[in-house]
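Worksheet: the structure to be examined is printed underneath.
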Amino acid sequence: MGFGEYPPEYNAKIHGPYDPARYYGKADIPFGQVKLGELGSWVGRRNMSGIPGAVSRAFWRWNHKYMLPKKTGFAPFAQLMVGCMIVFYSINYGKMVHHRNHKYHW
Amino acid sequence: MFRLSKALAVSSVGIKKVVTERTILSLNVCLCATVQEVRPLVLVRPTSTSAVQRAEQRDEANFPRPVRPVEPGKVRLGFVPEEWFQFLYPKTGVTGPYVLGLGLTTFLCSKEIYVMEHEYYTGISILLMVVYAVKKFGPVIGQTLDKKIEDIEQSWRDYREGSIIQVKESMEKEKEAQLSAKGQDMLFDAKRENVALQLEAAYRERLARVHSEVKKRLDYQLEVANVKTRLQQKHMVDWIVKNVKGSITPAQEAATLKQCMADLKALAPKA
């Protein structure tokens, strides 16, 4: 299935040790540099089955940057807290609406 | 045929075991090697022996070895990444992101998309306590943890250095053992010479004994012969004397005595 295995484009002899934060496929134009005319083709090249891989790579990139360095501070935990706050607030928004202090707003 | 395949299977298992051990060792060493040190004394160098690291197609330029950073990414206000501020800096300057944050929170609160209900005030209190705790205890905890990490890494380094020293010492001891083994050779030669000398000594002693024994026997024979001739001589002399004495008749005796007296008288006046 591919879950828990190396990506098929990873070759240990060329790429060396496996870095879970890197994408080992063919490099595409970054989204920030795509021209408006190429947008359609760019979106067409996206691949739905690569989303779990992308989520995993994003998680590992965040890890490498904030959690795994030798001298981390409180930042990753603060980011986790804020992230959880946002997620749970949005989940419970329906209930929160009823606790508004005023009925009408500008 | 069966034996050949079994031997192949055993050797392949052995090779796999060796390869995994080597890769585990090399991973361990890579962990030590990939730590980016602030102090310039510690070397960061790859020391693995795995074939993967030495392959010709290894693309070092585009896929460098991942290095563990020492400092985390910069954040402002404790959780906002610095990159977001830098992203907005060209367009909005230094105060841009703060104004954005303030405006956003004002909008959310005034339209009551973010409802400030009782949980909000709980959150404010908890936030204050967390900020105070982090500011007060953070550096202390950070330093103790850093020291523990440093101790662990030092133990890794000491293990590696210690193993190298141990191996070198055993090399020296091996050389010494080889030298002493050569000495064993000389000892053996000396012992052999010793035994040869002893044999020679025993041979000579026996030779001397033989010589003395033979001489004794010859001396005995000589003595026997001497005694025999002596006895024979004595017996012969005695017999001759006895016979001569017996053959002297009394008349002869008187005549001889007279003659002697005349001789003596003849000699006396001359003196």
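The values are calculated or read from the model by the stated rules, or taken from the named source; none is laboratory data. Quick caveat, the model's predicted, so the values are computed rather than measured. Cβ atoms come from the backbone with ideal geometry, glycine included; neighbour counts cover every protein chain shown. Note: areas computed on protein heavy atoms with side chains; ligands, DNA, RNA excluded. Shrake-Rupley method; radii C 1.70, N 1.55, O 1.52, S 1.80 Å.
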**Complete:** Among A:23, A:66, A:89, the residue with the largest mean-square fluctuation in a Gaussian network model of chain A built from Cα contacts under 10 Å is A:89
**Pairwise burial A:B, computed as accessible area of each alone minus the pair, summed, 1.4 Å, Å²** = 3100 Å²
**Fill in**
Rounded to the nearest 10 Å², the accessible area of residue B:163 using a 1.4 Å probe with every protein chain kept is 40 Å²
**Message:** Counting only other residues whose beta carbon sits under 11 Å from that of residue A:72, what net charge do I get with K and R as +1, D and E as -1?
**Reply:** +1
**Asked** Looking at the P(r) of chain A, how many percent of alpha-carbon pairs lie beyond 16 Å?
**Response** 75 percent
**Request:** Please compute the net charge surrounding residue B:140, taking Lys and Arg as +1 and Asp and Glu as -1 over other residues with Cβ under 15 Å from its Cβ.
**Result:** +4
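Find out how many positive minus negative residues lie around residue B:86, taking Lys and Arg as positive, Asp and Glu as negative, among other residues whose Cβ is under 15 Å from that of residue B:86.
Residues near residue B:86 contribute +2 overall.
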**Complete:** The set of residues whose placed amide H lies less than 5 Å from the amide H of residue B:75, leaving out same-chain residues fewer than 5 positions away, is B:82
**Rounded tilt (10° steps) of A:51-62 against the dominant C-alpha axis of chain A** = 80 degrees
**Fill in**
Expected vector for region B:239-253, Karplus 3J(HN,Hα) from phi with 6.51, -1.76, 1.60 and θ = phi - 60°, integer Hz, x for Gly and Pro, equals 5, 4, 4, 4, 5, 4, 4, x, 7, 6, 7, x, 4, 5, 4
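Filter the cross-link list A:65/B:135; A:13/B:175; A:13/B:168 down to pairs whose alpha-carbon distance in this structure exceeds 31 Å.
A:13/B:175; A:13/B:168
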**Item:** Carbon/sulfur fraction of accessible area - region A:12-70, other protein chains in place, 1.4 Å, %
**Value:** 66 percent
**Fill in**
Here the gain from full extension of residue B:181 to residue B:206, 0.36 nm per residue of separation minus their alpha-carbon distance, amounts to 5.2 nm
**Prompt:** Over the heavy atoms of residue B:260, what accessible area does a 1.4 Å probe trace out, to the nearest 10 Å²?
**Reply:** 70 Å²
**Message:** Please compute the contact order of chain A in relative form: average sequence separation of alpha-carbon pairs under 8 Å and at least six residues apart, divided by the residue count, as a percent.
**Reply:** 23 percent
**Prompt:** Just how much of residue A:42 is accessible, in Å², when a 1.4 Å probe is used and the result is rounded to the nearest 10?
**Reply:** 40 Å²
**Asked** Kirkwood hydrodynamic radius (Cα pairs, Å) of region A:12-70?
**Response** 13.6 Å
**Request:** With springs only between Cα atoms under 10 Å apart, run a GNM on chain A and tell me which of A:75, A:27, A:54 wobbles the most.
**Result:** A:27
**Prompt:** Computed over the Cα atoms of region B:97-169, what is the ratio Rg over Rh, Rh following Kirkwood?
**Reply:** 1.45
**Fill in**
Of A:36, A:80, A:68, the most mobile residue in a GNM of chain A (C-alpha springs, cutoff 10 Å) is A:36
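Hey, what's chain A come to in accessible area per residue, 1.4 Å probe, Å²?
Each residue of chain A exposes 77 Å² on average to a 1.4 Å probe.
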